[in-house]
Structure formats: C-alpha cells, structure tokens
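So the structure is just underneath, and the comments pick up after that.
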Amino acid sequence: GARATAESGLVDLEPSPGRVDLAIGSIALKTLKVVVVPQHLVNLGGQSIGVVARVQGTGVVGYGYFPTVSGGRVSPAIQAGLRVGDRLTAVDGQPIRDAQDLLGRVQSAGRAGRTVQLTVRRHGRRMEVAARPQMDRQLGTYRLGVYLRERMVGVGTLTFSDPATGAFAALGHAVDASLGPVQWRDP
C-alpha cells in the first residue's frame, strides 16, 4: 500500500489502498487511510443550478401540540418518539406514497380508534413506532402533530458532472429554511 512521511512527501498513485502517517520528526500526529482509485474523467462545473429532490417517504421537519376534544393538548408524534429528520416510509406495513396518503391512513385509524404502526428511517436505520391519532378540536380531523416534507429544493454551484453515469456534485443551500430544525413554542 501507499505510505508517505513528512520527509519524503511521496505517495504511490497506482490504484491501491494505503495510509499516510502525519508526523513531525518522530512525533506521530495522525494516520489517515487513503484509497487511490483509477483515474476517472469528469466535466468540471461552475454553473449555477437548482435542484428538486424527492425523498422516499415523507420527512419529519417539525412537530407540535394541538387541542383535543377532551380539552387537553397532545402530540402523538412526540409521544411516539418521532424526531426531526426521521423519514416515515410506511404505515401499518404499507408503503407511503405521499403526505396525502399518510393523512388518509391517519384519518381511517383515528375514526376506528386504532393505533398506527409507523415505519421510520432514522440515520439509515429502520425502526417501528406506534402512534394513536387524536381528534384536533379546532380542525375536526385526526392528527399526529407532525409536520412533513416530501421534497427538498436548493440552489448552488455545480462542482462536476460525470458524463458516463449522469452523477454530479454541487455545493449550495436549501431554499426553504424549514428543512432545518424547527422550534415549536407552545402558546
């Protein structure tokens, strides 16, 4: 494998795994794993771009409490342990097509007085949580108290594109601030 020292600064650039030891004299600072891959030609960017990305399932961007018919305030989403950044991918084992699909299933479960099993992707891991929809006194609908997003919109600068695969990389910013953490203050 490739190995470099502060004295030589030389690294074998043949495709291979290796490591680079960073040191000052005989004092080791850090060892970095390095993987040299075969040469791959890409087109350089620099152009301004806009991106719309649809995620699988619906993403949780916030949650809050709402008034119930019994007079209290609840958030089934918070009680179930949902977190900002979670992706809801299925309800009762059936994939979710979009937020409207989720809303319909929540309404059906609420009318039946039934708890829903939500399949959640959190940090790449799949998990199940249970939530019981509650009637919102003001809206007259069953809710979980969760705010969802189905897509992300952003603008930025194209870094490169790969004509062979269509892959690209860009640096930029989300257009909608609600993609970040949402703070909810209960009045």
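What to note about this one:
- Residues located in region 114-126, provided they are of a type in the set (Ser, Thr, Tyr) and surrounded by fewer than 17 Cβ atoms within 10 Å (Cβ to Cβ): 115
Conditions tested, residue by residue: (1) more than 18 Å from residue 91 (Cα to Cα); (2) part of a strand (DSSP E or B); (3) at pLDDT below 95; (4) not aliphatic (A, V, I, L, M).
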| position | (1), (2), (3), (4) |
| --- | --- |
| 109 | no, no, no, no |
| 114 | no, no, no, yes |
| 119 | no, yes, no, yes |
| 128 | no, yes, no, yes |
| 147 | no, yes, yes, yes |
| 150 | no, yes, yes, yes |
| 153 | yes, yes, yes, no |
| 165 | yes, no, yes, yes |
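- The set of residues in region 31-54 being assigned to a strand (DSSP E or B) and hydrophobic (A, V, I, L, M, F, W, C) consists of 32, 34, 35, 36, 44, 49, 51, 52, 53.
- Pairs linking a residue in region 70-83 that is within 16 Å of residue 142 (Cα to Cα) and not assigned by TED's automatic domain parsing to the domain that holds residue 140 to a residue that is surrounded by fewer than 20 Cβ atoms within 10 Å (Cβ to Cβ) and among the small types (Gly, Ala, Ser), with Cβ atoms under 6 Å and 6 or more positions apart or on different chains, do not occur.
- Region 127-150, residues that are surrounded by fewer than 14 Cβ atoms within 10 Å (Cβ to Cβ), touching a residue at least 12 places away in the same chain (Cβ under 8 Å) and of a type outside the set (S, T, N, Q): 130, 139
- Residues of region 1-44 classified as farther than 29 Å from residue 165 by Cβ, modelled with pLDDT of 80 or more and of a type outside the set (Gly, Ala, Ser), total: 7
- Selection from region 55-89 of residues that are of a type outside the set (D, E, K, R), assigned to a strand (DSSP E or B) and closer than 26 Å to residue 154 by Cα: 55, 56, 57, 58, 59, 60, 61, 62, 63, 88, 89
The values are calculated or read from the model by the stated rules, or taken from the named source; none is laboratory data. Every value quoted in this text rests on a predicted model; they were computed, and no experiment measured them. Backbone-built Cβ (ideal geometry, glycine too); neighbour counts: all protein chains shown.
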